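Beneath this line is the structure, given in structure tokens, with notes to follow.
The values are calculated or read from the model by the stated rules, or taken from the named source; none is laboratory data. Small disclaimer: the values here were computed from a predicted structure and weren't measured. Here Cβ is always computed from backbone atoms with ideal geometry, including for glycine, and neighbour counts include all displayed protein chains.
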């Protein structure tokens, strides 16, 4: 649920987590089970998505199963906000659209794995939403995305929950 009294430290912690994860990917080297050095996958983040663009990308079969379970249409439990996650690939890109109720520009959307498990990060960039960010993970029941909504314009971070929409056009 939304908690407007949440300190902005949550925003800072979430951003540090995201930046740290990107740094780990960028650092590039790790060891596999046999001790051999292997390169980490490159994470590519799309620069922008046109405001009215429809999300039509298909899911990449190489995307992990836990990411594929996040795809679908999600309604935020406290309003008319809708998040659509349509496609994902193994590089970390997720195709996303956001509506309130009209389309809001999604400037970036990625999936990543970290201490909190697999998460989707969606950044908005539109009137009233400059740099607003969702950091969401799939709840154990598989029918809810839960996490944080960071609103830098207001200097606040809110707990949020999205409910999977079983049927949609």
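Residues in the range 54-67 that are surrounded by 16 or more Cβ atoms within 10 Å (Cβ to Cβ) and either within 16 Å of residue 147 (Cβ to Cβ) or at pLDDT 95 or above (or both): 67 alone. Scanning the range 97-130 for residues that are at pLDDT below 95 and either outside any loop (DSSP other than H, G, I, E, B) or within 20 Å of residue 67 (Cα to Cα) (or both) gives 113, 114, 115, 116, 117.
Residue 116 fulfils the conditions (1) within 17 Å of residue 164 (Cβ to Cβ); (2) touching a strand residue (DSSP E or B) at 6+ places or on another chain (Cβ under 7 Å); (3) surrounded by fewer than 17 Cβ atoms within 10 Å (Cβ to Cβ) except for a single criterion, (1). Scanning the range 131-147 turns up one or more residues that are in a loop (DSSP other than H, G, I, E, B) and crowded, with 19+ Cβ neighbours inside 10 Å. The set of residues from the range 74-84 being over 13 Å from the mean Cα position of the chain (by Cα) and part of a strand (DSSP E or B) comprises 75, 76, 82.
Within the range 72-93, track down each residue that is closer than 17 Å to residue 139 by Cβ and surrounded by 20 or more Cβ atoms within 10 Å (Cβ to Cβ). Correct list: 74, 83, 85.
Every test in (1) closer than 23 Å to residue 63 by Cβ; (2) in a strand (DSSP E or B); (3) in contact (Cβ under 8 Å) with a residue 40 or more places away in the chain is passed by residue 160 save one, and that test is (1).
Determine whether residue 87 is modelled with pLDDT under 95, assigned to a strand (DSSP E or B) and touching a strand residue (DSSP E or B) at 6+ places or on another chain (Cβ under 7 Å).
On the way: modelled with pLDDT under 95: yes; assigned to a strand (DSSP E or B): yes; touching a strand residue (DSSP E or B) at 6+ places or on another chain (Cβ under 7 Å): yes.
It is true that residue 87 is modelled with pLDDT under 95, assigned to a strand (DSSP E or B) and touching a strand residue (DSSP E or B) at 6+ places or on another chain (Cβ under 7 Å).
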